[in-house]
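Bear in mind that the values in this text are calculations on the coordinates, not laboratory data. The shown structure was predicted, so the numbers you read here are calculated from the model rather than taken from an experiment. Methodologically, a virtual Cβ is constructed for each residue, glycine included, from the backbone with ideal geometry; neighbour enumeration extends over all protein chains shown.
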Amino acid sequence: MQRTLVSALGTVLLTATLAGAQQMNGNWRSILQERLPLYGHRNWIVIADSAYPAQSAEGVETIVTGGDHFEVLQAVIRALDASKHVRPNIYTDRELAAVPESDAPGISAYRDQLSAFFGTLPVAAPPVQTLAHEKIIAKLDQVSRTFRVLILKTNLTLPYTSVFLELNCAYWSPEAERRLRSVVAAQSGR
């Protein structure tokens, strides 16, 4: 009797845990839609491979999507494209170009698919930048002390494949900001 009760309770707990995980996996789109209106320039969204670590900074939120890497990337880019207030600066790991196929089977196809995907971005999109992985992680660490970072983990199992999106204001360009700063500096120098 006791063994049957313990077994049944274990099955219920396991089922509830799996259902919660599936709900979390399917819920990433609604989480993205909830967060995006809150986010502005200096927030980040990361589309990460499955081994990306859960960072401990309070400003970092990690969601396991359970989804295909390119499906998640496309959904995020589409959501950003539809947004009127933010646009992304895109970063990838510099190491990605050097990962050999012999150590990571499928990496060449991934690079080709990523390049083709970036080729579909609007002409006005800023160019994709590459930085050493540790430099990007240091940027995220610094930013997360003040601003929010959303990490969407995918089911991809290839190294150095995360795509990092640093959000900027869509209606105020870096050039406009530089001009404004020049005017402010000139006015304060009077």
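Could you list L131, L38, L167 in order of exposure, starting from the residue whose Cβ has the fewest other Cβ atoms within 10 Å?
With the sparsest Cβ surroundings first, the list reads L38, L131, L167.
Summary of the geometry: the stretch 155-189 and the stretch 35-107, compared by the centres of their Cα atoms, lie 17 Å apart. Amide hydrogen proximity for K153: with H placed 1.01 Å from N in the peptide plane, the residues at 5 or more positions away or on another chain lying under 5 Å are A48, I63, V64, T65. When each of the peptides 95-104, 73-82, 171-180 is scored by the mean number of other C-beta atoms lying within 10 Å of its residues, the order from highest to lowest reads 73-82, 95-104, 171-180.
Residue by residue, the stretch 147-156 carries 3J(HN,Hα) couplings of 10, 7, 10, 10, 10, 10, 7, 9, 8, 5 Hz when phi is fed to the Karplus relation 6.51 cos²θ - 1.76 cosθ + 1.60 (θ = phi - 60°); x denotes Gly or Pro. Distant-in-sequence amide contacts of A170, defined by a placed amide H-H separation under 5 Å and a gap of 5 or more residues or a different chain, comprise V86, R87. Phi angles across the stretch 39-54 convert, under the Karplus curve 6.51 cos²θ - 1.76 cosθ + 1.60 with θ = phi - 60°, into 3J(HN,Hα) values of 7, x, 4, 5, 7, 10, 10, 10, 9, 10, 6, 5, 8, 4, x, 7 Hz, Gly and Pro given as x. Taking the DSSP bridge list for the stretch 28-180 and keeping only pairs wholly inside it, about 45 percent are antiparallel.
With a cut-off of 8 Å between alpha carbons and a minimum separation of six or more residues, what is the relative contact order of the stretch 28-180 in percent? Intermediate results must be reported in sequence, preceding the final value.
Working: 235 pairs, mean separation 78.3, N = 153.
Once normalised by length, the contact order is 51 percent.
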